[in-house]
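The values are calculated or read from the model by the stated rules, or taken from the named source; none is laboratory data. Bear in mind the structure is a predicted one, so any value in this text is a computation, not a measurement. Every residue, glycine as well, gets a Cβ built from its backbone with ideal geometry; the counts of neighbours run over all protein chains shown. What goes into the accessible areas is simple: the full protein's heavy atoms, side chains included, and nothing from ligands, DNA or RNA. Shrake-Rupley method; radii C 1.70, N 1.55, O 1.52, S 1.80 Å.
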Amino acid sequence: MSICIGVEEEFHVLEVESGLLVPRADRVLRRLPRRTFTSELHRSAVESNSGVHGSLHDLYTDLSGTRQRLDTAAASLGLAVMAAGTAPLAPAVSGPPTPDARYRHMVEEYRQVADEQLICGAQVHVDVPDRDTAVRVMCEVSPWLPVLLALSASSPFWQGTDTGYASWRTMLWQRWPTAGPIGCFPNAAEYDAAVRDLVRAGIISDPGMIYYDVRPSDHLRTLELRICDACPRAETVVLIAGLFRALVTDARERLRKDDTPCRGRHEWLRGAAWRAARSGLEGTLVDPATHRDEPARQVVRGMLTRLRPALEAHGDWRTVRSLTEEALAEGSAAARIRRTARQEDLLACVDLLIGETRGERGNRRTAPLGRGNPPLAGADAPGPPFGSGAPEVIGR
């Protein structure tokens with residue numbers, strides 16, 4: 001039986017004409033099922049939670065349908081939604097947070113770190129049999145996560161300026177006290193004790209504020225990938241989900257053959273994540289096998305070769321290989337955004353991202369209120385609504 005996967009996606013809410021973030025997520029959410037869609041720290045973002053799926057095809061159908069429903073709800077209000085790590089025209093400061101005691105505490109405690117949390121990510125959940133397995137696998141997969149970050153990189157601009165990074169969201173995100181690479185733990189008891197220490201010390205208020213690149217879910221029997229930018233194209237999310245499931249499967253098999261504690265050194269991982277955030281797919285990455293700086297496409301293809309048995313076990317090899325080659329040929333979302341900025345302007349970048357979130361390819365000015373927009377790929381045969389026919393919904 002295939003190991004199940006699920007996805008959480010975050011989306012910016014924008015005014016169509018100006019391309020600016022607007023604090024109107026609550027109005028969009030009123031037109032959507034709350035079991036599937038929910039609020040975020042800032043009122044200019046919406047989160048969606050996918051169903052639980054065994055196949056990448058079903059996951060893609062789910063994500064495409066979700067994006068179409070979200071787009072329809074936003075368009076009915078004269079708004080648009082966009083999946084990207086940062087909005088090219090993000091404001092310098094945010095407005096008041098979403099009305100919630102936990103969010104108010106975060107803003108009061110973390111100040112500018114929380115104020116500038118105008119970023120969106122994509123999280124992938126992969127089933128594991130128990131928390132001990134999740135913690136052991138977490139250590140094994142960590143060296144490969146910067147490669148997944150590079151595939152997702154979609155945030156070169158911040159407050160209208162080119163940052164020089166493919167994922168500026170990563171640099172903003174890593175300011176949280178529990179963000180970035182995580183160390184290795186022998187079992188779940190040791191990991192949970194470390195989390196309790198952080199809560200007792202007042203560094204975080206609850207386990208939900210563990211923001212490491214990967215973590216055992218606090219409420220689901222899954223391992224959760226958290227390093228990635230939100231991805232304009234649903235296909236990129238599916239690619240990353242397939243690769244992460246394969247990484248987890250490969251790690252479990254390696255642990256089955258050799259159950260000794262991790263002997264690796266992970267001090268280099270923060271630097272590897274920095275390199276991925278800086279370069280995306282257009283420069284170099286740190287090869288997890290050699291710890292050397294290598295061309296990104298070489299490192300990505302090396303990961304693909306390593307994971308081929310796990311991908312074949314899930315029937316994902318052809319799909320993931322095809323999506324990988326497409327990603328390498330077309331470049332990261334960050335590169336597409338920069339190319340559009342050079343050829344036109346930042347508003348055209350917003351249009352590009354809105355269109356790709358809808359499933360469009362190419363760059364054209366978004367029609368107001370959704371008029372004249374073609375349907376997303378696969379929308380002519382959408383999957384069932386969230387919660388219908390799925391055992392549970394990720395993230396809830």
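Quick rundown of the values:
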quantity	calculated
Per-region count, segment 182-206, residues open to solvent by less than 60 Å² (accessible area, probe 1.4 Å) and either farther than 26 Å from Ala251 by Cβ or of a type outside the set (Asp, Glu) (or both)	16
Any hit, segment 49-69, residues being modelled with pLDDT under 95, open to solvent by less than 10 Å² (accessible area, probe 1.4 Å) and among the small types (Gly, Ala, Ser)	no
Number of the condition not met by Ala179 [criteria: (1) open to solvent by less than 20 Å² (accessible area, probe 1.4 Å); (2) over 19 Å from Val300 (Cβ atoms); (3) in contact (Cβ under 8 Å) with a residue 60 or more places away in the chain; (4) among the small types (Gly, Ala, Ser)]	(3)
Count - residues of segment 78-115 that are of a type in the set (A, V, I, L, M, F, W, C), within 25 Å of Thr36 (Cβ to Cβ) and surrounded by 16 or more Cβ atoms within 10 Å (Cβ to Cβ)	8
Pairs with Cβ under 8 Å, 6+ apart, first in segment 310-329 and assigned to a loop (DSSP other than H, G, I, E, B) and of a type outside the set (Ser, Thr, Tyr), second at pLDDT 95 or above and open to solvent by 20 Å² or more (accessible area, probe 1.4 Å)	His314/Thr249; Gly315/Ser55
So His42, is it within 19 Å of the chain's Cα centre (by Cα) and at pLDDT below 95	yes
Candidates Ala313, Ala334, Ala296, Ala289, filtered to the one that is farther than 17 Å from Val237 by Cβ and open to solvent by less than 50 Å² (accessible area, probe 1.4 Å)	Ala296
Number of positions in segment 316-326 that are crowded, with 19+ Cβ neighbours inside 10 Å and either among the charged types (D, E, K, R) or at pLDDT below 95 (or both)	1
Top-ranked residue of segment 1-36 - restricted to ones that are hydrophobic (A, V, I, L, M, F, W, C) and in a strand (DSSP E or B), ranked as farthest from Ala101 (Cα to Cα)	Ile5
Some residue of segment 130-144 being touching a Cys at 6+ places or on another chain (Cβ under 6 Å), open to solvent by less than 40 Å² (accessible area, probe 1.4 Å) and more than 21 Å from Ile240 (Cβ to Cβ)	no
